[in-house]
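Each remark here refers to the structure printed beneath this line.
The values are calculated or read from the model by the stated rules, or taken from the named source; none is laboratory data. Predicted model, so just to flag it, every value in this text is computed and none were measured. Note: ideal-geometry Cβ built from the backbone for every residue, glycine included; neighbour counts use all protein chains shown. SASA here: full protein model, heavy atoms, side chains in, ligands and nucleic acids out. Shrake-Rupley method; radii C 1.70, N 1.55, O 1.52, S 1.80 Å.
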Amino acid sequence: MQGAAAVLGCYTLVLAVALPVAARLRVGARALGAGGAAVFAAASLGCAVAGSLGALLALRCVQAAGAAALLVGAFALLDAGGPGRRAWNAAAIFGFAAGPALGGALTQAFDWRAIFAVQVPVAVAAALAAWRSREPQQLRDDDRQPWPVGPAIALALLSAALVGVLFLLVLLLVTGWSVSPLGAAAAVSILPVAAVAAARIGGPPRVRAAAGALLVAGGVLMLASVPTASSWWIVLPQVLAGAGMGLALPALAGDLLPERTAGQAARLLSARHAGITIALALLAPVAAARIDDAVAAGREEGTALVLDARLPPLDKLDLAAALVGDLDPVDPRGQLQDALESARSGIDAEDQPAYDELARRADDAVVAGVDGAFAPAFVICGVLALLAAVALLPWDRRVAAAAAAALVLAGGARLIAPAVEPEPVRIADPCHPRALPHTGGIDGALQDAALTALDRAACRYGSSREELALGLVDDDARRAYEREHGVDPRSIGGLLRAVLGL
């Protein structure tokens with residue numbers, strides 16, 4: 001996650017810094033646009049063949065510098081401050097919202113490098129078009145008149161909040177739910193459609209901006225309460241966030257904040273990308289750390305399910321290692337599903353129903369853990385959108401109604417979630433008696449005795465039974481157990497002392 005955030009964040013950071021610089025260059029619009037597009041094309045080609053993360057980050061910075069020059073030149077050439085404003089706004093909103101979907105489709109069809117390879121011919125065509133255009137009479141107006149404080153703050157906060165649906169949602173689908181890039185692209189395609197449709201709605205700019213920010217807040221806050229890994233749960237949040245984006249961004253950029261010259265457009269774009277950069281810097285480490293914790297908890301919960309399952313006792317610890325021993329934050333659900341399918345062949349036909357129940361609950365546990373890891377980041381994004389709306393006070397009745405609707409929907413999602421969420425896996429206290437599998441026969445009796453012994457040893461060491469079981473079958477878990485509890489779980493002498501209470 002942090003690598004993906006860095007690839008996006010370094011681009012938005014350099015773009016935010018370079019845009020005002022490009023706007024002040026004493027260069028004609030044709031040369032600026034064509035030169036920027038050429039730099040962008042060359043850097044895109046470099047990104048497509050980059051052999052390391054460091055090289056990719058450096059080339060992304062060059063790409064952003066070229067994009068800054070291209071955007072400033074294109075604004076002047078298109079006369080986007082006048083007759084071309086509608087086309088400029090539509091392209092900006094659609095490109096902003098559709099980027100994740102297009103990137104996912106290219107990644108699924110080819111490879112992540114295809115995202116950059118496709119940009120090369122597009123940028124070359126843009127360079128040729130810019131060079132062949134007629135030079136405008138006035139490229140830029142360097143008027144540095146102060147911005148209205150409220151709308152300026154709202155624009156930056158709203159841009160930061162949109163990271164929730166433009167970045168975090170895609171990561172949740174791909175990393176957390178193990179949805180294919182193409183499937184994720186289809187799932188988030190609702191966002192640009194809603195944004196473009198809402199951009200056609202008229203009304204006073206301040207009303208549209210505040211109501212749009214509140215709709216974004218409601219949509220993103222709903223994502224914090226998604227109860228299961230079903231794409232249906234993200235439809236309404238995307239409709240709200242997309243509609244809010246389409247309402248608010250045109251109202252802020254061009255109506256409440258001036259966007260008549262290339263210099264003014266550069267300031268607006270710089271503020272938007274600065275907000276995105278700050279949000280990425282704050283949210284990516286939070287979400288990444290929580291995903292690591294969720295995966296660790298998922299390993300323990302998966303082990304609990306294996307130990308409590310009504311399956312034959314032989315190889316239960318090996319099954320636990322196969323199912324959860326190799327989980328990592330990149331694609332924990334996908335790895336779990338692969339392990340479950342691989343282990344299924346070793347399960348007898350009469351035990352398949354119990355194994356199916358184990359597989360279902362293990363999958364639910366991993367998904368719930370990842371959803372919980374992303375929830376705080378979604379809440380932060382929702383609060384940022386709410387603050388954007390607050391920056392546009394005072395509100396009229398229409399905005400107040402939008403605020404009420406957003407809060408009701410977000411609160412309703414939070415209330416509904418517990419009734420729909422799967423039953424959580426609870427890690428029992430090993431110092432208290434618990435129900436045993438009782439699978440019957442001599443093997444079942446031996447299994448019950450072994451589980452009771454594990455409980456007694458875990459109680460003595462101050463750990464959970466599941467931690468101890470993982471330490472018996474997984475080398476990394478063994479070392480972690482020894483560091484935390486001061487005993488090697490594979491030490492026969494140590495286990496005997498703990499079991500016998502010596």
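Annotations
- For segment 276-296, residues that are farther than 16 Å from L8 by Cα, open to solvent by less than 40 Å² (accessible area, probe 1.4 Å) and more than 13 Å from the chain's Cα centre (by Cα) total 2.
- Residue that is nearest to A251 (Cα to Cα), among those in segment 373-400 that are in a helix (DSSP H, G or I) and free of Cβ contacts under 8 Å to residues at least 40 places away in the same chain: V390
- Residues that are assigned to a helix (DSSP H, G or I), open to solvent by 10 Å² or more (accessible area, probe 1.4 Å) and either touching a Ser or Thr at 6+ places or on another chain (Cβ under 7 Å) or modelled with pLDDT of 65 or more (or both), drawn from segment 303-321: L305, D308, K316, L319
- For segment 323-342, a residue qualifies if it is of a type in the set (A, V, I, L, M, F, W, C) and modelled with pLDDT of 80 or more, and the qualifying residues are L336, A339, L340.
- The set of residues from segment 188-206 being open to solvent by less than 20 Å² (accessible area, probe 1.4 Å) and in a loop (DSSP other than H, G, I, E, B) comprises just one member, V188.
- Residue within segment 166-184 that is more than 22 Å from P285 (Cα to Cα), modelled with pLDDT of 90 or more, small (G, A, S) and part of a helix (DSSP H, G or I) present: no
- Residue in segment 349-364 that is touching an Asp or Glu at 6+ places or on another chain (Cβ under 7 Å), assigned to a helix (DSSP H, G or I) and under 23 Å from P312 (Cβ atoms) present: no
- Some residue of segment 212-227 being surrounded by fewer than 21 Cβ atoms within 10 Å (Cβ to Cβ) and in contact with a helix residue (DSSP H, G or I) (Cβ under 8 Å, 6 or more places away or on another chain): yes
- Restricting segment 7-22 to residues that are at pLDDT below 90 and open to solvent by less than 30 Å² (accessible area, probe 1.4 Å), the residue that is nearest to V124 (Cα to Cα): V7
- Qualifying residue in segment 439-449 (condition: within 26 Å of E341 (Cα to Cα), hydroxyl-bearing (S, T, Y), at pLDDT below 90 and surrounded by 14 or more Cβ atoms within 10 Å (Cβ to Cβ)): yes
- If you check A160, A156, A209, A117 for being within 19 Å of A248 (Cα to Cα), open to solvent by 30 Å² or more (accessible area, probe 1.4 Å) and in a helix (DSSP H, G or I), only one passes: A156.
- Set A428, A453: member being surrounded by 15 or more Cβ atoms within 10 Å (Cβ to Cβ) and assigned to a helix (DSSP H, G or I): A453
- Some residue of segment 427-439 being touching a residue at least 40 places away in the same chain (Cβ under 8 Å) and basic (K, R): no
- Which numbered condition V124 misses (of (1) open to solvent by 40 Å² or more (accessible area, probe 1.4 Å); (2) at pLDDT 90 or above; (3) of a type outside the set (S, T, Y); (4) under 20 Å from L19 (Cα atoms)): (4)
- The condition of being touching a helix residue (DSSP H, G or I) at 6+ places or on another chain (Cβ under 6 Å) and within 24 Å of A76 (Cβ to Cβ) holds for only one of A284, A262, that being A262.
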